[in-house]
Amino acid sequence: MSVDAYFEKLDHEKASAPLARAVRDWIRARAPHLSEMLKWGYPWYQGEELVCAIVPHKAHVNLQFSRGAELAAHVRIEGSGKSMRHVKIYAVDDLDDGLATILAEAVALDRA
């Protein structure tokens with residue numbers, strides 16, 4: 001399944017689909033060099049390694065960072081995984097400068 005097909009299917013399954021699409025557009029605008037692919041059932045964005053994923057839930061979307069533990073100094077980063085952490089996004093307004101900084105740092109980690 002392509003990422004486009006994933007989002008088309010998502011439109012029929014989750015109320016958070018419009019928000020997930022907004023997160024997709026937001027990532028693509030800020031990190032256009034990242035490749036987009038489906039992995040483990042979700043859209044992932046990859047540079048040298050996996051950087052982040054969009055994980056839709058019923059009422060929110062998680063922006064999951066594969067090296068999120070290294071970004072844990074940011075207050076918005078949640079989770080206790082060994083490496084993967086996430087930021088919960090409830091509205092388009094959550095796609096702000098603070099989250100853009102987290103994404104930029106995740107991209108910089110990937111490039112290092």
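Scanning for something closer than 20 Å to Ser16 by Cβ and among the polar types (S, T, N, Q), does segment 35-47 turn up at least one residue?
no
For segment 27-43, residues that are in contact with a helix residue (DSSP H, G or I) (Cβ under 9 Å, 6 or more places away or on another chain) and closer than 15 Å to Val3 by Cβ total 9. Restricted to segment 1-81, the set of strands (runs of 3 or more DSSP E) holding at least 2 residues that are touching a strand residue (DSSP E or B) at 6+ places or on another chain (Cβ under 9 Å) and crowded, with 17+ Cβ neighbours inside 10 Å comprises 42-46, 50-56, 61-65. All told, Val3 meets the bar of being among the hydrophobic types (A, V, I, L, M, F, W, C) and in contact (Cβ under 8 Å) with a residue 24 or more places away in the chain.
Selection within segment 89-107: residues that are out of contact with any helix residue (DSSP H, G or I) (no Cβ under 7 Å at 6 or more places or on another chain) and open to solvent by 70 Å² or more (accessible area, probe 1.4 Å). The member of this set that is farthest from Asp11 (Cα to Cα) is Asp97.
Which of the residues that make up segment 55-76 are over 13 Å from Asp94 (Cβ atoms) and within 13 Å of the chain's Cα centre (by Cα)? Across segment 55-76, the qualifying residues are Val55, Pro56, His57, Gln64, Phe65, Ser66, Arg67, Gly68. Among the residues of segment 85-112, those that are in a loop (DSSP other than H, G, I, E, B) and modelled with pLDDT of 95 or more comprise Tyr90, Ala91, Leu95, Asp96. The condition (being modelled with pLDDT of 95 or more and farther than 19 Å from Arg85 by Cα) is satisfied by just one residue among Leu50, Leu38, Leu19: Leu19.
The values are calculated or read from the model by the stated rules, or taken from the named source; none is laboratory data. Keep in mind the model is a prediction, meaning the values are calculated, not measured. All Cβ positions, even for glycine, are placed from backbone atoms using ideal geometry, and neighbour counts span all protein chains on display. We work out accessible area using only protein heavy atoms, side chains counted, and drop any ligands, DNA or RNA first. Shrake-Rupley method; radii C 1.70, N 1.55, O 1.52, S 1.80 Å.
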